[in-house]
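Reviewing the structure listed below.
Throughout, read-outs are computed from the coordinates displayed, never taken from laboratory work. Treat the numbers as computed from the prediction; the structure is a model and nothing was measured. As a convention, Cβ positions derive from the backbone with ideal geometry for all residues, glycine included, and neighbour counts pool all protein chains shown.
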Amino acid sequence: MIHRRAFMKSGAMALFATGFGGLPNFIASAASGQKILQPYKKNKVMVCIFQRGAMDGLMAVSPFADPNLKILRPGLYMSPLEKEGGLFNLDDHFGLHPAMASLQPFFAEKRMAIVHGVGSPNNTRSHFDAQDYMEAGTPFNKGTASGWLNRVAGLMGHDATPFRAVSLTNALPRSFYGDNEALAISNLQDFAIQMRNNPMAGKTVSQSFEDLYDQTSSSLLNKTGKESFDAMKMLNVNELKNYQPAKDVVYPQTALGNSLKQIAVLIKMQVGLELAFAESGGWDTHVNQGTTNGAFARNLKDFSDSIAAFWKDLSAYQDEVTVMTMTEFGRTAHQNGTGGTDHGRASCLFVLGNDVKGGQVYQNIKSLAKEDLEDRRDLPVSTDFRAVFSNVAQSHLKLQNSKGLFPDWNGKPLDLMRG
Amino acid sequence: MNPKKMLRIFTVGAGLTLLFAFTQAHQQGGNAKIKMPYKKAGLNTRQAAAHLLSRFSFGARPGEVDAVAAMGLEEWLEQQLEGGLTDNEANERLKSMNTLLLSNETIANTYLTPPQVLRLAVKNKLVVRDSVKGQDKPEYREQIRQLMVQQGLKPFVELQTQLINQKIIRAAYGTNQLHEVLTDFWFNHFNVSLTKPQCQQFILTFERDAIRPNVIGNFKDMLVATAKHPAMLEYLDNSSSVSDNNALAKNPRRIQQQQNLNKALEARMGDSSMKNNAIAQQLVNAKRVQGLNENYAREVMELHTLGVDGGYTQKDVTEVARALTGWAVKPLLDDGPGKRLLDKTNIDQMQKRGFVLENDFIFRADKHDEGEKLILGKTFDGKTGYQEGMDVLDLLSRQKATAKFISKKLATRFVSDKPSDALVQKMADRFLKTDGNIKEVLLTMVESVEFWQTDALREKIKSPFELVISAVRSTNADLKQPFQVFNWCSRMGQRFYYYQAPTGFPDKASFWINTGSLLNRMNFGLAFATGKIPGISVNLLALNQNHEPESAEAALTTYSQLLLPERNQEENIKRLTAMLADQSVADKIEAASAKHPGDATMDETDAMSMNKNLNKKQQQKNDRNAMNRKDKPFTMAYQNGNNNMVSQVAGVIIGSPEFQRK
């Protein structure tokens, strides 16, 4: 009995096993696979956040000590000296934007790393093209059918639950395109048979469907049907409704906050999540982007607070999770005529996790002097995004190999992860 | 005797000449009797009609299987290939859409995308302090709206909505179903995407002008039409693929101009005190387009013609890209520098210098690479300008690999996810023999026994769009808000017109079916049949001549036959009936409704009626009530002519595995 109780404590699977009898189909079928994945065991999870619109990396993490910056951006420059609203001085060269106050402690605790000067070798300044290339992971080939995260799923070397790869978006992002199963769901509560206002009829109908899919002669519909119902019971929508984040954790009431909250739920429910994807918008700051206040700062605060809330909410699960952010390119080194910045080249990204060799800004940036800029206007890409993505994915998710993860790329991965 | 009949009689008795007659007649517009070997595959006419409709239409409407069987499958297919049936219902529903006939030029100058709106706002000094979030502010939006109304401008989203709605309406109500199905197929083959801002304004005309007129015509015509269309030129960047390896660009005067431009650019670049940033930005943009872009060249071979294993090399990609340098979109923006320049230019002079203007396509001789190229073993001397690109496309369209790739893709769409090599080969042979006549290839397909064999029947899984449209068609549903269809398709994994990659949606069951999408398919069935989707109404009882089924079992039998003609549903009905009759479930529902009699919702009532109907006496009473809707609680079970038991049964059928198959 004690064993049973311990088992029940270990997560949502318990509900499943007691309430519905038997192991879910995908676990049973995993028994024949290479390596058995136990959904009620903690999984390593990589959470990717795509900042669509091209975040101004020079403002989020500002090379304030470079004298060129103030000249290039007289109206956007911030220094760490001011008492209030100044940059967090990271290493006497770079400063973290004050709107990132909630993430700053993680940098100080060496759990968050920053990679600066990161981007794609393809110099397109089109949002669409740059996002497409970054998500496909092949900066010079549009026809790549799969996305890089889908290929990560294929390299995990074990079977998966239906919740292995989940994107909190309406449609499947390019990163998840491909042969390995991935879910796009903007609201987890939709993961149920819905008879509005009528749970009883819902149950009858649900049972009807389960029965029909159980006997269909189409093996794909049969197998996926079983998995769908298993997954649905496993997720237990009723628990979702009543989800309480950890003590004192308040998620921003924003799209990103909401997405990350749902990712936290999936992690805590231990339903087999390994790859999660969320989006953050509003980074295309051509006009009046502001400094300590304004459009950019507000957006950055949402971004930062959402991640910080997520991280605190994970509490006991922090060891299993790494968060990595990405954006398609950076913005011009100089400010433009309307108080904003235009499309540029390199930006910066953040990696947060207990396995991260944090507290550093990883970078090969020369300077912001004209002769060091690309086309004499943009921060050049000195770190290929694939060097970061491959390092984080391979190290955190313990990929057996990374062959085929980034076809046509022979670069050296960065080394910002422990172990 | 009409010629058609004569030909038929002739062919019946004609032995060896028969084959010849077929080829001739097909090529002349298809008056020969098509010979579909479904009997050989063991199907009767009605079964064959159901199969044909499931593949060559978006689903049979009520009675359509019988109608096709009665008129003859061959006759029906002739008509569908012809595609000239009057289209009153669809046209009536399309009548209010005012963007469907517009030109690219009008669209580009009138239906502004969000970045264009922002530029307009900047130009008119309407931009508020917080540029990013500020755009959501009502006062800003109102100012912008007024400005746009004054200037006769409209937001792009209006056109985008009509683009989406017209596809839904044509698929659901169009009479020329095969043309619709093929338009869907070929659009996906030559995919362009609303996700790319540079091409989104041209997608409506792309489907209308490059795809739709060519769906059963010559493959090369469609290939060329897509290659020259602004949507494709922008989507795969050929518009910005340029070379200065030509006589015009080497002209000393021009070189001087270029140098001046570069100097101006140098001077302004990185200058933070720059006043006129927009000019510098334009210069930067101008500079940025210098160079070869291989995107289109690669995809035209990998995805549109030869296929990924089609035997071309990276060298071929580069050479094709070089051959297509200068293929671009004619300047369309009224206030753009390109248009002003073009308006001032003498077109005859331009043409003499090798420029070509055709609709919205421009061949820029000054951006074309005049060097020699070697493509798939064939040498192009580089002296023929525009014609060189045409010759390259012609070459690609005639390759064996292309014939096979296209045939396999068609067979995959219309026969099964894994069509036999023999079938593909037969189709590919016909493709080569007829210079890529798509109609001929399709006929070869339906004249093959593989199309009709049991391993093809019900083997394809409907895409979400096919699922929704087949539900609409099989129930005669009324789409007052067609856009709802789009929302549901998105939830089920097919946000059509938005697929980002040039591959288009993968046409295979495993792409469409996963745990999340499958639950959504079931939920769609329920929501659709129970009238929960706003703007979509279904009258299920009308389908059954307003006759109330006597029991859940009767409803299952009746509606299975109506919604899934020619499918064997006995087993499903038996299993479901047993479950619906489960007394413990009925009791629970009773108990639940007894507890909350006040908030008995529509759904609860329908669950009650569903189970109570199993009681014959109750059923009879129910039937009487149906005529006289005064008694309670069953009065609640009827609304808009729908019985909730029936709705629920129909919902289960639409969400069932059998309905997902075609």
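Tabulated results
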{"read-out": "Peptide ranges B:571-577, B:483-489 listed from the most packed, as the mean C-beta count within 10 angstrom indicates", "value": "B:483-489, B:571-577"}
{"read-out": "Two-site label geometry, A:TYR317 and B:LYS352: point separation in nm, points 7 Å out along Cα→Cβ", "value": "7.4 nm"}
{"read-out": "Averaged over B:503-514, number of beta-carbon atoms from partner chains that fall within 10 Å", "value": "4"}
{"read-out": "Links that overshoot a 25 Å alpha carbon limit, given the list B:LYS400/B:LYS662; A:LYS203/B:LYS508; B:LYS196/B:LYS662; B:LYS439/B:LYS462; A:LYS226/B:LYS460", "value": "B:LYS400/B:LYS662; A:LYS203/B:LYS508; B:LYS196/B:LYS662"}
{"read-out": "Partners for B:LYS35 among aspartates and glutamates (Cα-Cα distance below 16 Å; same-chain residues under 8 apart left out)", "value": "B:GLU74, B:GLU75, B:GLU78, B:GLU440, B:GLU447, B:GLU450"}
{"read-out": "Inter-chain Cβ neighbour average for residues A:276-288, partner chain, 10 Å", "value": "3"}
{"read-out": "Protection-proxy order for peptides A:243-255, B:363-375, each taking the mean of Cβ atoms within 10 Å per residue, highest first", "value": "B:363-375, A:243-255"}
{"read-out": "Those trypsin sites (Lys or Arg not before Pro) in the range A:91-192 that DSSP places in a loop and that have at most 15 other beta carbons within 10 Å", "value": "A:LYS110"}
{"read-out": "A:SER382, B:SER560 arranged by Cβ crowding within 10 Å, fewest neighbours leading", "value": "A:SER382, B:SER560"}
{"read-out": "Simple spin-label estimate for B:GLN259 and A:LYS247 in nanometres, 7 Å along Cα-Cβ", "value": "7.6 nm"}
{"read-out": "Debye, to nearest 20: dipole size of chain A, +1 on Lys, Arg Cβ, -1 on Asp, Glu Cβ", "value": "860 debye"}
{"read-out": "Prolate/oblate/rounded label for chain A (Cα gyration tensor, a/c 1.5)", "value": "prolate"}
{"read-out": "Shielding by partners, peptide A:187-195 (average Cβ within 10 angstrom, other chains)", "value": "4"}
{"read-out": "Helix A:199-215 axis, angle to chain A major axis (alpha carbon atoms, nearest 10°)", "value": "80 degrees"}
{"read-out": "Globularity index of the range B:103-172, i.e. its alpha-carbon radius of gyration over 2.2 N^0.38 Å", "value": "1.28"}
{"read-out": "Cβ crowding within 10 Å averaged over residues, with A:361-368, B:224-231, A:74-81 ranked highest first", "value": "B:224-231, A:361-368, A:74-81"}
{"read-out": "Between helix A:255-269 and chain A: long-axis angle, C-alpha atoms, 0 to 90°, nearest 10", "value": "40 degrees"}
{"read-out": "Exposure proxy order (Cβ contacts within 10 Å, fewest to most) of A:TRP148, B:TRP76", "value": "B:TRP76, A:TRP148"}
{"read-out": "A:HIS93, A:HIS334, A:HIS286 arranged by Cβ crowding within 10 Å, fewest neighbours leading", "value": "A:HIS93, A:HIS286, A:HIS334"}
{"read-out": "Dipole magnitude of the range B:103-172, debye to nearest 20 (Cβ charges: Lys/Arg +1, Asp/Glu -1, about Cα centre)", "value": "80 debye"}
{"read-out": "Helix A:295-314 axis, angle to chain A major axis (alpha carbon atoms, nearest 10°)", "value": "40 degrees"}
{"read-out": "C-alpha center-to-center spacing [the range A:210-244, the range B:512-534] in angstrom", "value": "13 Å"}
{"read-out": "Helical contribution to [θ] at 222 nm, DSSP H n ≥ 4, -39,500 (n - 2.57), averaged over chain A, rounded to 500", "value": "-10000 deg cm²/dmol"}
{"read-out": "Karplus 3J(HN,Hα) series, Hz, for the range B:414-421 with 6.51 cos²θ - 1.76 cosθ + 1.60 (x for Gly, Pro)", "value": "9, 10, 7, 4, 10, x, 5, 4"}
